[in-house]
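The values are calculated or read from the model by the stated rules, or taken from the named source; none is laboratory data. Here the structure is a predicted model, which is why all the values come from computation and not from measurement. Cβ sites come from the backbone with ideal geometry, for glycine too, and all protein chains shown count toward neighbours.
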Amino acid sequence: MIAKRDVGPAPRPAGGFELYTWFFMRVSGVLLLVLALGHLAIMHLVNSVDVIDYAFVASRYATPFWRTYDLLLLILALLHGLNGVRTMIHDYVRPRGWRLLSLSCLYVLGLMFLAIGSLVILTFQPARG
Amino acid sequence: MEKGQGGMWTWIKYRGGEGQLAWVLHRVTGLGVFLFLLIHILDTALIGWGPEVYDKVVKLYHLPLFRVGEVVLAGMVLYHALNGIRITIIDLWEETTRFHRQLFYAAAIVFIVVFFPTAYLMLRPLL
């Protein structure tokens, strides 16, 4: 059961969907280093929660740059997280029925949150006055 | 997972040592950040209800308990990022597998150097 190599990374998947998700986790991970750490630094070090309010968001979303930044962050972080949870479900939920149920819930939930998040970033219009 | 052999611990127990610790922390912090992301998508969606609703809700983030939670979140993201770099290095250059422990300690040192000043800056309004 124990492989000859006793330390090191899990073997890279041979191909197909699992290889693509393996690759996606690395690529999105590197992009999220910039996007997610940048987001935290901007919101909590450059600014702070004390200045974040409706007006702050409105001025930030007046330019397409921050909407693009946030949309990219949303999509990459959500997919990265969904795939992480998918891996954990495969590791810990062994009975077929429960696994199918939990994976279905995960995908429905993921799709819903992706839709809600994207809709807010793309359609937000500041209230007048 | 074998039933009746050490209970819950067998879920996360693998080979022990720094490698396992790094892996367990990666799972725990990843799950934590993911759950916060879901909450954060919902609180941001409230912006559609206008300034009164949004401002009232995001004021929650000013509470001392939430500020501490934000520092914990930042710590989880930072650990996950640093260990993610470690994983990526090991995946790209397999020879570095021999130094996975040293890479773990390097990540730990960077974590300490970055986390504590950040935590101080984030908690300063409470001091």
Could you please let me know if residue B:90 is at the interface with another protein chain (Cβ under 8 Å from one of its Cβ atoms) and modelled with pLDDT under 95?
yes
Which of the residues that make up the stretch B:32-68 are within 30 Å of residue B:100 (Cα to Cα) and surrounded by fewer than 16 Cβ atoms within 10 Å (Cβ to Cβ)?
B:35
Total residues in the stretch B:60-87, condition charged (D, E, K, R) and more than 8 Å from chain A (Cβ to nearest Cβ)
1
Return only the number of the condition from (1) surrounded by 14 or more Cβ atoms within 10 Å (Cβ to Cβ); (2) within 10 Å of chain B (Cβ to nearest Cβ) that residue A:91 does not satisfy.
(1)
Only residues in the stretch A:107-125 that are at the interface with chain B (Cβ under 8 Å from one of its Cβ atoms) count as the first member; pair them with residues that are surrounded by 12 or more Cβ atoms within 10 Å (Cβ to Cβ) and of a type in the set (Phe, Trp, Tyr), Cβ under 6 angstrom, at least 6 apart or cross-chain, and list the lot.
A:124/A:61
Matching option when the condition is under 20 Å from residue A:122 (Cα atoms), at pLDDT 95 or above and aliphatic (A, V, I, L, M), among A:71, A:40, A:82:
A:71
Loosely packed, with under 15 Cβ neighbours inside 10 Å, of a type in the set (Phe, Trp, Tyr) and at pLDDT 95 or above, is that true of residue B:79?
no
Of all residues in the stretch A:70-129 being touching a helix residue (DSSP H, G or I) at 6+ places or on another chain (Cβ under 7 Å) and not in a helix (DSSP H, G or I), which is nearest to residue B:46 (Cα to Cα)?
A:124
Look at residue B:110 and say whether it is over 22 Å from residue B:17 (Cα atoms) and free of Cβ contacts under 8 Å to residues at least 60 places away in the same chain.
no
Of the residues that make up the stretch A:30-43, is at least one in a loop (DSSP other than H, G, I, E, B) and more than 9 Å from every other protein chain (Cβ to nearest Cβ)?
no
Within the stretch B:36-45, residues aliphatic (A, V, I, L, M) and within 9 Å of chain A (Cβ to nearest Cβ) come out as B:37, B:38, B:41, B:42, B:45
